Amino acid sequence: MKPSIPKGTRDFSPTEMVKRNYIFDTIKQVFQRYGYLPIETPAMENLQTLMGKYGEEGDKLIFKIIDSGDFIKNAKDSLGEGFNFASSGVISSHISEKALKYDLTVPFARYVVQHQHEITFPFKRYQIQPVWRADRPQKGRYREFYQCDADVIGSNSLVNEVELVQLIDDVFTKLNVPVLIKINNRKILSGIAEIIGEKEKIVTITVAIDKLDKIGVDGVNKELQENGVSDSAIEKLQPLISFQGSTLEKLNFLKQLLGNSEIGLKGIEEVEYIFKTVDSLGLNTAKTELDITLARGLNYYTGAIFEVKSNAGTFTSSICGGGRYDDLTGIFGLPNMSGVGISFGADRIYDVLNELNLFPESVAASTKLLFVTFGEAEQNYCLPLLAQARKAGINSEIYPDAGAKMKKQMGYADDKKIPFVVIVGSDEMLNGMLTLKNMTTGEQAKITIDSIIEELK
RNA sequence: GUGGCCAUAGUUCAGUUGGUUAGAAUAUCGGUUUGUGGUACCGAGGGUCGUGGGUUCGAGCCCCAUUGGCCACCCCA
């Protein structure tokens, strides 16, 4: 049998893990600086917890876990004798009650409701875990990937939104990636749908507008028409999607256009506050932009929405995204609990850093000292010295096979990029003067174990 | 869910209009050197050419199917 792993999943080598941990550590450090604390939730959730939260497309991409035991019998019991295997869609809900989590936000909402009596609000949590999507893999898209989420729930304040923008800026400044943070507000999109008289079609309209930079104005109009949006509504939409200008000009333009929409004006007010406050505080390296064509597919967003793209390299997909959701917890029985959060896509950030060569040269050297011996007697002599070195906090190891040739042991050190080697043979054992070799310079010296520890500490 | 490209050693790839025993580089292991790595030289192992079928005297090469990979659309991190 040929060894293989499922489509869209990957193994990570030690070198890759060192790089990945660099990203995780950087993000974690910034999260903590902003007062977020970690939680973890299971890899799987009850299917009902996840279904219906991500829109029609999203629901299709949830990995369902088949029930253990005789699921055919179970399905028969609940569906009756006459059920038809051909309609797998019908039986799937009868043979699966668990699913792999699709994102971290919905399980977080479930967590908040389930643990509401242990939580002090506003609750700020971060979470770095894998999620799974049954998407078809391609560049920057995996079926198993890590999200790094920071969310605050139980606070309506726009200060949270402002802080998240700063947090994004901090993370990418530390990682040396120049980014563009696109900001919009679902309320503005609602306002637009309202004033063009197609309130019901808001999802269709936002999805179409979102594609503007890819398919152009004509493409958007065509898609709207095909989806039953009236011609007069499309006409009213034109000035909006073709408008160019600075954030300030966009805001003024929107104020005029959405003057009759209460929700639209609310959205403008929120966006204006976020931009003004962020501007007055200043950002390190990130650029911001109001993008009224930014929609985002996840159904649960109701207020501000964010999307972050790299400004350098060929990687154009978003590497971070988020927004405000007013009622994710309502469905689990805890209404009026607004939250806002963002999610960093660690795997895509990895791809960006790799392409731009932005990983630091020597991220965390592993072993610092290797004991090379010539036989069992030497090995026995070295074991206590090895323990002594470890106790002193020096990452060290001994070549485990006592009889191995020196060339082999040295090669091992070289391959693992171990900077120092201690060579111990009969001479060394006689007087305790060990041979310490610096693998970078090739220099050797006779020296005691205590001096070695002192030097490498 | 729709479309395009690809599949030969652990890895990256050669392989002539279809013709004998499928090659190289690199990695691995061994040796030159049983107290010295990163260099050099020599040698070894490693492939039912993704899988199944077809055409042919003969298929790694042509045809069909299937699986897997990459990429684009959709959607998204």
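Data for the structure
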| read-out | value |
| --- | --- |
| For chain A: rounded, prolate or oblate by the Cα gyration tensor [a/c cutoff 1.5] | prolate |
| Antiparallel bridges, percent of DSSP beta bridges restricted to the stretch A:365-456 (to nearest 5) | 50 percent |
| Unit charges at the beta carbon, dipole of chain A: most positive-side option, A:THR41, A:VAL340, A:GLY375 | A:GLY375 |
| 23 Å Cα-Cα threshold exceeded, pairs from A:LYS250/A:LYS309; A:LYS60/A:LYS222; A:LYS101/A:LYS124 | A:LYS60/A:LYS222 |
| Residue-span extension gain [A:GLU289 to A:THR120] - 0.36 nm each, minus C-alpha spacing | 57.4 nm |
| Sites matching trypsin sites (Lys or Arg not before Pro) across the stretch A:107-174 that sit in DSSP coil, with at most 11 neighbouring C-beta atoms within 10 Å | A:LYS139 |
| Positive minus negative residues near A:ASN354 (Lys, Arg vs Asp, Glu; Cβ under 12 Å) | -1 |
| A:TYR273/A:ASN380 FRET efficiency (R0 45 Å; Cβ-Cβ; nearest 0.05) | 0.05 |
| Gyration tensor (alpha-carbon) shape descriptor, the stretch A:109-207, a/c threshold 1.5 | rounded |
| Sparsely packed trypsin sites (Lys or Arg not before Pro) within the stretch A:267-315, loop by DSSP, other Cβ within 10 Å at most 14 | none |
| Neighbour-count ranking [beta-carbon atoms within 10 angstrom, fewest first] of A:MET337, A:MET44 | A:MET44, A:MET337 |
| Footprinting exposure proxy for A:ILE23, A:ILE449, A:ILE202 (fewest neighbouring C-beta atoms within 10 Å first) | A:ILE202, A:ILE449, A:ILE23 |
| Label-point separation in nm, A:ASN357 to A:THR15, each point 7 Å along Cα→Cβ | 1.5 nm |
| For A:LEU158, A:LEU248, order by how many other beta-carbon atoms lie within 10 Å, fewest first | A:LEU248, A:LEU158 |
| Only Lys, Arg (+1) and Asp, Glu (-1) charged, at Cβ; the stretch A:365-456 dipole about Cα centre in debye | 260 debye |
| Long-range HN-HN contacts of A:SER338 with modeled amide H, under 5 Å | A:GLY154, A:SER155 |
| Extension gain, A:GLN48 back to A:LYS417 (0.36 nm per residue minus Cα-Cα distance, nm) | 127.8 nm |
| Dipole moment magnitude, nearest 20 debye, chain A about Cα centre, only Lys, Arg, Asp, Glu C-beta charged | 580 debye |
| Rounded, prolate or oblate (a/c below 1.5 giving rounded, otherwise prolate when a/b exceeds b/c) for the stretch A:365-456 by Cα gyration tensor | rounded |
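Bear in mind these aren't lab numbers, they're just calculated from the coordinates by the rules spelled out. These numbers come from a predicted model, not from an experiment. Heads up, the Cβs are rebuilt from the backbone with ideal geometry, glycines too, and the neighbour counts pull from every protein chain shown.
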